[in-house]
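Asker: Before anything else, here's the structure in question.
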Amino acid sequence: MLALAIPAFRETADDDWLKKSELAVTFLDRYGNEVGSRGIRHNDAIPLDQFPDHLIKATLATEDRRFYEHFGIDFPGLFRAMLTNARAGGIVQGGSSISQQLAKNLFLSNERTIERKVKEAFLALWLEVRLPKNEILKLYLDRAYLGGGTFGVDAAAQYYFNKSARDVNLAEAAMLAGLFKAPSRFAPHINLPAARARANVVLDNLVEAGFMTEGQVFGARRNPAMAVDRRDERAPNYYLDWAFDEMKKLVDTLPKSVHERVFVARLALDVDLQKHADKAVEDSLRQYGHEYKAKQGAAVLMDIDGAVRAMVGGRDYNESQFNRATDAMRQPGSSFKPYVYATRANEWIQAHLDRRRFAGVHRQLVPEKLRRGFCWLDDDDRGSEAFRINVVAVKLSIAVGNGNPKVGRAKIREVARKAGLRTPLPDTPSMPIGADEVTVLDHTGAYSIFPNLGKAMTPHAVLEVRSGAGELIWRWDRDGKKPVQVLTPQVATDMNMMMSKVVEEGTARRAILDGIKAAGKTGTTNAYRDAWFVGFTGNMICGVWFGNDDYTVMHQMTGGSLPAMTWHEIMAYAHQGIELKPIPGLGPQAPSSGRAVVAEGKKDGTADPPPSRPTSVLTKRGADALVRVEWLMDEATRALAIGGAPTKATDAQGASAKPSPVASTSER
């Protein structure tokens with residue numbers, strides 16, 4: 001058992017293990033509006049002696065009645081839980097102590113395995129040796145997930161009751177204590193009757209444990225807690241979780257002179273687009289999910305520079321916090337083939353073209369069938385013909401290696417990795433046809449090599465980071481990862497032409513955007529377990545996936561059906577009111593087609609027009625101008641703070657511009 005637990009202790013090797021979770025970040029959207037927060041402000045958290053006595057008693061009575069008596073593992077409580085579960089014929093009571101649950105929250109995942117329970121037990125003993133009981137309880141109250149995207153009882157009290165945890169009454173404390181077991185099931189903003197029933201069980205526990213009398217809890221039974229109605233509030237929790245993970249990595253790279261643990265981060269998030277993307281995925285599944293036997297979907301929408309505007313990690317964050325856009329590894333199917341064709345085109349150039357003559361004769365040297373053969377690239381929905389076309393992709397991979405398939409696949413994998421695929425890509429004969437697994441985020445970001453003339457852009461959430469006092473610490477355009485040239489510009493241009501045919505004449509016709517050039521690739525895996533469409537315009541890239549968490553097969557869903565339709569819904573809305581940019585190599589924007597995109601289930605072949613997007617949003621030019629003004633004001637503020645004159649800044653035309661004086665930081 002100890003041998004099983006040893007890997008978990010590597011997490012405790014860092015002397016700073018307790019401070020890792022102290023990072024607190026307030027998130028702003030791309031326009032500066034606060035959209036949420038993550039992390040724990042341990043230094044500013046409510047001291048244990050300021051929590052109401054009835055809140056602490058409700059937690060102990062429900063989660064660990066013998067907390068102050070055991071040494072990390074409550075063997076009598078564990079035996080009692082096993083007996084209760086045996087009588088009930090199922091799991092109705094947990095046997096983990098608060099120390100064990102804290103160990104899981106700090107170091108482990110939520111997987112239900114014997115190995116995790118063993119690690120949890122040993123880590124609980126380790127915590128008991130390192131920390132006093134009150135500190136363990138305090139950390140548990142601060143760091144447990146309690147639904148609604150909240151961590152800790154104070155954040156939950158603010159979210160559910162609009163008050164501090166200091167001020168909750170007994171009924172509210174019982175409801176909060178009931179959330180530790182299953183926050184998604186008992187969250188009052190989702191199922192108030194279930195939350196009240198669970199709170200009543202907590203009141204029973206208080207009486208049974210001897211912490212209170214029936215007379216003391218009678219008032220709370222008669223007057224149950226009233227929670228704030230937040231059913232219409234859809235916080236971008238999947239996006240914020242990913243952004244917080246990005247912040248954790250970013251903070252580790254900051255100079256040692258930065259001792260901050262509290263930050264304000266401005267994200268690339270566009271709340272309006274996020275809401276529409278959430279709605280598009282949910283509407284697609286609600287309308288067609290039963291027909292296709294599909295239960296889940298995910299989507300990522302980003303600018304071509306990698307700034308992620310929206311992320312759909314699943315249908316309901318409260319039901320499942322697992323982010324299918326960043327963590328689910330699924331087979332991309334034929335949507336992987338653009339990497340194969342691009343690698344082959346690159347290799348052809350290297351073998352037959354002198355670099356000094358590249359610009360003038362490239363199109364004459366790339367084979368016509370490869371350059372104009374979108375039909376070989378586009379195999380989705382073709383039935384038995386797909387097998388023959390898959391063979392072409394495999395033969396191309398062999399040609400890339402000059403007859404050696406392993407060498408060819410290694411080169412394809414190298415291009416895919418440089419483009420942005422970070423998941424393992426095992427060397428198998430089926431790799432060229434998309435048998436290896438990728439994530440929606442990586443796959444969508446890797447397609448950035450095509451509209452960016454061969455340059456790979458890193459998908460990112462954070463645009464800038466400031467300290468709690470407002471000092472600019474980090475900025476993506478200055479400190480972020482720089483683009484990497486993966487393909488030659490001409491190869492990227494040829495790939496754009498090929499993939500535009502997939503949309504205009506191939507299997508992704510449901511993705512056609514009226515008046516806007518688009519390109520992309522569908523993907524469908526064996527037995528219809530995964531369906532993809534990843535596509536782009538001159539402005540944005542979007543990837544859409546549908547499938548089932550348990551890998552059960554869908555009913556003949558291909559990438560050209562629901563994924564392409566959902567992609568169209570998201571992108572048609574996203575391109576309203578913005579300056580359209582052409583895809584390199586495809587010339588001007590497409591004229592109005594004069595016909596609506598064929599919609600699934602429409603007998604007359606028409607589609608509903610996309611909803612109008614609010615126009616009162618900043619253009620990119622306007623946002624850049626405001627950021628520049630902000631930089632100038634920062635310079636002026638710093639200059640005044642040290643008693644000097646404001647520094648001069650060079651404007652976009654190269655002239656010197658003197659920023660306006662600023663009286664003080666507080667006035668600014």
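Asker: Which residues, counting only those in the range 180-221, are under 16 Å from residue 153 (Cβ atoms) and of a type in the set (Val, Ile, Thr)?
Answerer: 202 - this is the single residue of the range 180-221 that is under 16 Å from residue 153 (Cβ atoms) and of a type in the set (Val, Ile, Thr).
Asker: Is at least one residue of the range 435-445 among the aliphatic types (A, V, I, L, M), crowded, with 21+ Cβ neighbours inside 10 Å and over 17 Å from residue 308 (Cα atoms)? Walk me through how you get there before you give the answer.
Answerer: So the first thing to find is which residues in the range 435-445 are among the aliphatic types (A, V, I, L, M), and the list is 435, 438, 440-441.
Of the ones still in play, those that are also crowded, with 21+ Cβ neighbours inside 10 Å are 438, 440-441.
Adding the requirement that they be over 17 Å from residue 308 (Cα atoms) leaves 438.
Within the range 435-445 (the criterion being among the aliphatic types (A, V, I, L, M), crowded, with 21+ Cβ neighbours inside 10 Å and over 17 Å from residue 308 (Cα atoms)), the answer is yes, since at least one residue qualifies.
Asker: Given the structure, is residue 217 closer than 30 Å to residue 173 by Cβ, part of a loop (DSSP other than H, G, I, E, B) and of a type in the set (A, V, I, L, M, F, W, C)? Give the steps one after another, and end with the answer.
Answerer: Working: closer than 30 Å to residue 173 by Cβ: yes; part of a loop (DSSP other than H, G, I, E, B): no; of a type in the set (A, V, I, L, M, F, W, C): yes.
Taking the combined requirement at face value, the residue does not satisfy it.
Asker: Then there is this: So which of 196, 222, 230 ends up being among the basic types (Lys, Arg) and either touching a helix residue (DSSP H, G or I) at 6+ places or on another chain (Cβ under 6 Å) or under 29 Å from residue 264 (Cα atoms) (or both)? Outline the logic, then answer.
Answerer: Numbers: 196 fails: either touching a helix residue (DSSP H, G or I) at 6+ places or on another chain (Cβ under 6 Å) or under 29 Å from residue 264 (Cα atoms) (or both); 222 fails: either touching a helix residue (DSSP H, G or I) at 6+ places or on another chain (Cβ under 6 Å) or under 29 Å from residue 264 (Cα atoms) (or both).
Within the list 196, 222, 230, the selection yields 230.
Asker: I need every pair where a residue in the range 146-166 that is without any contact (Cβ under 8 Å) to a residue 40 or more places away in the chain and closer than 12 Å to residue 188 by Cβ has its Cβ under 7 Å from the Cβ of a residue that is basic (Lys, Arg) and open to solvent by 40 Å² or more (accessible area, probe 1.4 Å), sequence separation at least 6 or different chains.
Answerer: Going by the 7 Å Cβ cut-off, the qualifying pairs are 157/163.
Asker: Can I ask one more? Which residues, taken from the range 28-39, are assigned to a strand (DSSP E or B) and closer than 15 Å to residue 234 by Cα? Lay out the reasoning, then the answer.
Answerer: Within the range 28-39, the first condition is being assigned to a strand (DSSP E or B), and the residues that meet it are 28, 34-39.
Hits for the range 28-39 are 34, 35, 36, 37.
Asker: Same structure, new question: List the helices (runs of 4 or more DSSP H) that sit entirely inside the range 167-213 and contain at least 2 residues that are surrounded by fewer than 16 Cβ atoms within 10 Å (Cβ to Cβ). Please lay out each step first, then the result.
Answerer: Working: elements: 170-177, 183-186, 192-208.
Once the helices (runs of 4 or more DSSP H) in the range 167-213 are filtered for at least 2 residues that are surrounded by fewer than 16 Cβ atoms within 10 Å (Cβ to Cβ), what remains is 192-208.
Asker: Residues in the range 461-473: is at least one buried (at least 23 other Cβ atoms within 10 Å of the Cβ), in a helix (DSSP H, G or I) and either at positive phi or in contact (Cβ under 8 Å) with a residue 12 or more places away in the chain (or both)?
Answerer: No.
Asker: If you don't mind, there's one more thing I want to ask. Quick one: how many residues across the range 290-309 are part of a strand (DSSP E or B), open to solvent by less than 10 Å² (accessible area, probe 1.4 Å) and under 21 Å from residue 449 (Cβ atoms)? Outline the logic, then answer.
Answerer: First pass over the range 290-309, keeping only residues part of a strand (DSSP E or B): 296-303, 307-309.
This time we only want the ones that are open to solvent by less than 10 Å² (accessible area, probe 1.4 Å), so: 297-302, 307-308.
In the following step, the residues that additionally are under 21 Å from residue 449 (Cβ atoms) were identified as 299-302, 307-308.
Total meeting the criteria: 6.
Asker: How do the helices (runs of 4 or more DSSP H) wholly within the range 46-131 filter down when requiring 3 or more residues that are at pLDDT below 85 and of a type outside the set (Lys, Arg): which remain? Give the steps one after another, and end with the answer.
Answerer: Numbers: elements: 53-63, 75-88, 98-107, 114-130.
Filter on the range 46-131 gives 75-88, 98-107, 114-130.
Asker: Among the residues of the range 407-434, write down those that are part of a loop (DSSP other than H, G, I, E, B) and open to solvent by 30 Å² or more (accessible area, probe 1.4 Å). Explain how you work it out, then say what you get.
Answerer: Pass one, the range 407-434, residues part of a loop (DSSP other than H, G, I, E, B): 420-430, 434.
422, 424, 426, 427, 428, 429, 430 - these are the residues of the range 407-434 that are part of a loop (DSSP other than H, G, I, E, B) and open to solvent by 30 Å² or more (accessible area, probe 1.4 Å).
Asker: Can you give me the number of residues within the range 419-429 that are under 18 Å from residue 543 (Cβ atoms) and either out of contact with any helix residue (DSSP H, G or I) (no Cβ under 7 Å at 6 or more places or on another chain) or not hydrophobic (A, V, I, L, M, F, W, C) (or both)? Write out each step before concluding.
Answerer: Pass one, the range 419-429, residues under 18 Å from residue 543 (Cβ atoms): 419-423, 425.
Now restrict to residues that are either out of contact with any helix residue (DSSP H, G or I) (no Cβ under 7 Å at 6 or more places or on another chain) or not hydrophobic (A, V, I, L, M, F, W, C) (or both): 420, 422-423.
Here the count works out to 3.
Asker: Among what's in the range 510-540 and is of a type in the set (Lys, Arg) and under 19 Å from residue 288 (Cβ atoms), pick the residue that is least open to solvent (accessible area, probe 1.4 Å). Working first, answer last.
Answerer: Step one: of the range 510-540, the residues of a type in the set (Lys, Arg) are 510, 517, 521, 529.
If we keep only those that are under 19 Å from residue 288 (Cβ atoms) as well, we get 510, 529.
On the way: 510: 68, 529: 91 Å².
Out of the qualifying residues, it is 510.
Asker: Could you check residue 443 against (1) touching a Phe, Trp or Tyr at 6+ places or on another chain (Cβ under 8 Å); (2) modelled with pLDDT under 95 and say which number it fails?
Answerer: With (1) touching a Phe, Trp or Tyr at 6+ places or on another chain (Cβ under 8 Å); (2) modelled with pLDDT under 95 applied to residue 443, the lone miss is (2).
Asker: Also, quick follow-up: Would you mind telling me which numbered condition in (1) over 16 Å from residue 346 (Cα atoms); (2) basic (Lys, Arg); (3) at pLDDT 90 or above residue 382 fails?
Answerer: That leaves (3) as the condition not met.
Asker: Among the residues of the range 457-474 satisfying the criterion of being within 14 Å of residue 261 (Cβ to Cβ) and of a type outside the set (D, E, K, R), which is farthest from the chain's Cα centre (by Cα)?
Answerer: Restricting to residues being within 14 Å of residue 261 (Cβ to Cβ) and of a type outside the set (D, E, K, R), the top hit is 469.
Asker: Suppose we filter the range 484-509 for residues that are over 26 Å from the mean Cα position of the chain (by Cα), surrounded by 23 or more Cβ atoms within 10 Å (Cβ to Cβ) and β-branched (Val, Ile, Thr); how many remain?
Answerer: 4
Asker: A follow-up question, please. Looking at the structure I just gave you, is residue 364 modelled with pLDDT under 50, open to solvent by 60 Å² or more (accessible area, probe 1.4 Å) and in a helix (DSSP H, G or I)? If you could, list the steps in order and put the result at the bottom.
Answerer: Values: modelled with pLDDT under 50: yes; open to solvent by 60 Å² or more (accessible area, probe 1.4 Å): yes; in a helix (DSSP H, G or I): yes.
It is true that residue 364 is modelled with pLDDT under 50, open to solvent by 60 Å² or more (accessible area, probe 1.4 Å) and in a helix (DSSP H, G or I).
Asker: One residue is enough: does the range 395-417 have a residue meeting the conditions within 17 Å of residue 520 (Cα to Cα) and polar (S, T, N, Q)?
Answerer: Kept after step one, since they are within 17 Å of residue 520 (Cα to Cα), are these residues of the range 395-417: 416.
Those left that are additionally polar (S, T, N, Q): none.
The answer is no; no qualifying residue exists.
Asker: Which condition breaks for residue 256 when tested against (1) surrounded by 15 or more Cβ atoms within 10 Å (Cβ to Cβ); (2) at pLDDT below 95?
Answerer: So the condition that residue 256 fails would be (1).
Asker: Give the number of residues within the range 219-250 that are over 28 Å from residue 272 (Cβ atoms) and open to solvent by less than 20 Å² (accessible area, probe 1.4 Å).
Answerer: The number of residues fulfilling the criteria is 2.
The values are calculated or read from the model by the stated rules, or taken from the named source; none is laboratory data. On a predicted model such as this, the values are computed, not experimentally measured, just so you know. Because the Cβ atoms are built from the backbone with ideal geometry, glycine has one as well, and the counts that use them run over all protein chains shown. Each accessible area value is taken on the protein alone, full model and side chains, heavy atoms only, with ligands, DNA and RNA left out. Shrake-Rupley method; radii C 1.70, N 1.55, O 1.52, S 1.80 Å.
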